[in-house]
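Worksheet for the structure shown next.
The values are calculated or read from the model by the stated rules, or taken from the named source; none is laboratory data. The structure presented is a predicted model; accordingly, all values stated were derived computationally and were not measured. Every residue, glycine as well, gets a Cβ built from its backbone with ideal geometry; the counts of neighbours run over all protein chains shown. These accessible areas exclude ligands, DNA and RNA; they are computed on the full protein's heavy atoms, side chains included. Shrake-Rupley method; radii C 1.70, N 1.55, O 1.52, S 1.80 Å.
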Amino acid sequence: MVKLTMIARVIDGLPLAEGLDDGRDMQDAEFYKQQVKALFKNLSRGHNDASRMSLESGPYVFHYIIEGRVCYLTMCDRAYPKKLAFQYLEDLKNEFERGYGNQIETAARPYAFIKFDTFIQKTKKLYQDTRTQRNISKLNDELYEVHQIMTRNVQEVLGVGEKLDQVSQMSSRLTSESRIYADKARDLNRQALIKKWAPVAIVLGVVILLFWARKKIY
């Protein structure tokens, strides 16, 4: 069965729409929603391997589609057919693009298109029972295949994202420390030059002052 459905903008992870009653009938719903938000955060940082992917998490599987600027994600039971999950997402994608495609970039607040929940609920009902003639026909449809869509573990993907962030932070820290070191090195060089040439400058100054004073006297 379809458990969760969320739609987000890829560039910044902003949630745009969600199935409002998603997760009420399952344990740890909030935990899985946090995983979804972490996935959106990863995607916004460019940590995505493919535009279509399945991610295993406990007894469930996240399936997502990235099309243009938007990620369409659903979470289903492991036993739920992968093919139906992606066709469900395709239906959501087509309708969302038709209704809100020209408003995606200008959305400024979370769940700006919450009214899309009506379509999510209606479509989800069509896909819940895999034994209906409609869904059996979709499973037998050879025009839509999902064999090449990669399946990974969600913790593996989130872990890779965290490691990449750590590397990025370390690189930024090293760059900052290098700049600080360079500034200190310049200061030390400046001080060394001052110490080296200050006595010479003082002597020259005294000589020039004495020469000037002598010239004034005579």
Evaluation of Lys83 against (1) basic (Lys, Arg); (2) out of contact with any helix residue (DSSP H, G or I) (no Cβ under 6 Å at 6 or more places or on another chain); (3) within 25 Å of Arg134 (Cα to Cα) (one fails), failing number: (2)
Unmet requirement for His63, which otherwise passes all of (1) open to solvent by less than 30 Å² (accessible area, probe 1.4 Å); (2) part of a helix (DSSP H, G or I): (2)
Criterion violated by Asp117 - all others in (1) closer than 22 Å to Asp21 by Cβ; (2) modelled with pLDDT under 70 satisfied: (2)
Hey, Phe31 open to solvent by 30 Å² or more (accessible area, probe 1.4 Å), more than 25 Å from Ser137 (Cβ to Cβ) and among the aromatic types (Phe, Trp, Tyr) or not: yes
Selected residue (criterion: surrounded by the fewest Cβ atoms within 10 Å (Cβ to Cβ)) from residues of the range 120-154 that are at pLDDT below 90, among the basic types (Lys, Arg) and in a helix (DSSP H, G or I): Arg134
Top-ranked residue of the range 1-48 - restricted to ones that are assigned to a helix (DSSP H, G or I) and among the charged types (D, E, K, R), ranked as modelled with the lowest pLDDT: Glu30
Filter result (more than 24 Å from Asp28 (Cβ to Cβ) and of a type outside the set (S, T, N, Q)) within the range 69-91: Arg69, Val70, Lys83, Phe86, Glu90, Asp91
Those residues of the range 69-104 which are open to solvent by 30 Å² or more (accessible area, probe 1.4 Å), under 13 Å from Ala8 (Cα atoms) and touching a residue at least 40 places away in the same chain (Cβ under 8 Å), in sequence order: Arg69, Tyr100
Test set (1) at pLDDT below 75; (2) over 30 Å from Leu55 (Cβ atoms) - Glu162 fails condition number: (2)
